[in-house]
Structure formats: structure tokens, C-alpha cells
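Report on one structure; see the data block that follows.
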Amino acid sequence: MSSNIFELNDVSYAYAGKFPALDGVNLVVRPGEKVAIIGANGTGKSTLLHLLDGLVFPDHGDVLAFGEPLREVSLCEVEAAHRFRRRVGLVFQNADIQLFCPSVREDIAFGPLQLGVDEEEVLHRLDAVAGILAIGHLLDRVPHQLSIGEKRRVAIASVLAIDPEVYLFDEPTAGLDPSTVRQVIDFILKANKRGKTIITATHDLHIAGEIADTVHVFGRNRRIERSGTPESVLSDTAFLEKHNLVHSHQHRHDGSSHTHTHRPTELHG
Ligand SMILES: Nc1ncnc2c1ncn2[C@@H]1O[C@H](COP(=O)(O)OP(=O)(O)OP(=O)(O)O)[C@@H](O)[C@H]1O
Ligand SMILES: [Mg+2]
């Protein structure tokens, strides 16, 4: 039995059989790893996370989760589906897809209740996650009326309440102010210290150095073009530019203009 969390062998997927999203992806994720998936728009990052969460299934190739094939038919069986959902949690790119209950409280309680956690324990978890994500004052609010940053925190709380082994984060810091970005990063780092495996899809190269031991870069061909440490990948400006991950800016100084590339300069240990 494999000790990998996920193993993808030559995985391809096209929506409705005609809109390609992944093409020949190979990937191994080990227990306790922090992984960042980076790539330009439309290169397949979200699709990959949906695949790892058992929401879509490959047209070609194999996905192993915890050493077992991850197949649609096995997730049709309630017990197997619950076992899987207790181990893997996805925080969606768009929190509006994830949050659908009339109140924040119900949204956070929904996952663990569905998965058979008893009510007393759910109340305990609700209190705990509300404290960790500083959303105690939002518990009786209607989720879709919250700000983007508040929704993101609630979406993370609803996955944290399940306490999975593996967190899948899809653009967790997009649209957040700097202090909320910091809180989300701290949350990811603390969860990883508690032994959780973290896979994050992000455009934000500044956070990739901090939230990942390994970076995988998706190219326009919708497969992984390069994998390595954040330091090795993010210091290669020519590579990042080629993959539309950094851009050049024109600046004017004293009447003359010059162009230079913006690149992720801060790499955190
Ligand atoms: N529901 C869908 N139906 C048809 N095509 C889709 C669907 N969702 C995604 N795609 C296509 O699949 C490809 C990969 O999309 P995906 O959302 O995985 O990219 P992404 O890397 O997450 O992009 P972004 O950075 O914009 O979030 C894109 O070409 C997209 O148009
Ligand atoms: Mg996406």
C-alpha cells in the first residue's frame, strides 16, 4: 500500500468531453507536505483540486487517494464517501458555491453533521473554529450577505470543522486585505504544523514561498511544466514570464520611462 496522500498518473480531463482542463498530469503528494499549484488563468488548477476532492473524475489516467483508486463508483457508496470527506476538505475558489445555508452557524455545522459527528461535538467545534477564524460575531448572519473576506473565513471554518487530514485551498488569499491574507497564511502554517497536508492553488507568488515546500507550475498545455522548491522556481524570472506569472510594467521617472519585470522578491522560509 502506497504511503502517498495522492498519486496521479497521466491524468487527463475535459469538461463535457470537449473543453480540455488537464492533459497528462503526473503528481505525487506525500503526508504532511505543503504544496502550491501555480499557473496562469485557465491552466487547470481548480480542476485539479476538484479532481483531488472527488468532484470530477479523469477521462484518462488514474488517481490514487491514500493508496486506493479514487473512483466515482466508490464515492457513490455513502460510507466510503463519508470516509473520504472526513479526510479531504476543499475550500472553493468561489465561497458562494460552498456556502448555501441560511446562517453561518448552520453552514459550519453542516459538514460535520452530514458526516455523522454527534451534535455536542459539532457545537464544540463550532465554538472552536469561530474563535480560530475570528467569526464569532458572524454566526447568525446570512452567508451570501457577507463581504468576500468574511465569506472566505467562513468557508475555511466550514472545512476546519470537519477537521480533515488534507486541506485543498483554491486561491485562498484572492481579494483579501493584507491582514486577512496574513491570517489565512498563519492558519495554513498552523494546520500544517498539526500534521495536515495542504495543497493550495494560487496566483499569489508572494505567498507561494511561505505556504509551500514544493511548487508545481501548470502551463498553457494544462500539465505540470515544472516542480521544485519555491526558491528554485520563483527565482527563475524568465520561466515565470513565459508562463504569464509575472509581468512587466512601465514606470515614468523625471519625464523618461523604463520597463521592468515585477517578480516575487520576498521568499519566506
Ligand atoms: N464547468 C466548466 N465547463 C467547461 N469548461 C470549464 C469548466 N470549468 C473550467 N473549464 C475550462 O477548463 C480549463 C481549466 O479551468 P480551471 O478553472 O481549472 O483553471 P484555473 O487554472 O483554476 O483558472 P483560474 O486561475 O482562472 O482560476 C479552462 O480552459 C476552463 O475554460
Ligand atoms: Mg481556478
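In table form, for the structure just shown:
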| quantity | calculated |
| --- | --- |
| Solvent accessible area, Å² - His206, 1.4 Å probe, full protein context | 80 Å² |
| Candidates Thr200, Thr229, Thr214, ranked by Gaussian network fluctuation over the chain, Cα under 10 Å, top entry | Thr229 |
| Lys, Arg +1 and Asp, Glu -1 on Cβ, resulting dipole of the chain about Cα centre, debye, nearest 20 | 500 debye |
| Per residue accessible area of the range 18-150, 1.4 Å probe, in Å² | 50 Å² |
| Hits among lysines - C-alpha to C-alpha of Lys242 under 20 Å, sequence gap 8 or more where chains match | Lys45 |
| Share antiparallel - DSSP beta bridges, the chain, percent rounded to 5 | 60 percent |
| Neighbour cut-off at most 16 other Cβ (10 Å), DSSP loop, chymotrypsin sites (Phe, Trp or Tyr not before Pro), the range 1-73 | none |
| Between the range 86-158 and the range 188-223, the Cα center-to-center distance that results, in Å | 23 Å |
| Convex hull (Cα only) mean projected area of the chain, reported in nm² to one decimal | 16.4 nm² |
| GNM top mover of Lys196, Lys242, Lys151 - the chain, alpha-carbon springs below 10 Å | Lys242 |
| For the range 63-75, 3J(HN,Hα) per residue [Karplus equation, 6.51 cos²θ - 1.76 cosθ + 1.60, θ = phi - 60°, Hz, x = Gly/Pro] | 10, 10, 10, 6, x, 10, x, 9, 10, 4, 5, 6, 7 |
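The values are calculated or read from the model by the stated rules, or taken from the named source; none is laboratory data. Only a predicted model underlies this, so the values are computations on that prediction, with no experimental measurement involved. Positions of Cβ are backbone-derived with ideal geometry, glycine not excepted, and every protein chain shown enters the neighbour counts. Accessible surface areas use protein heavy atoms only, side chains included; no ligands, DNA or RNA. Shrake-Rupley method; radii C 1.70, N 1.55, O 1.52, S 1.80 Å.
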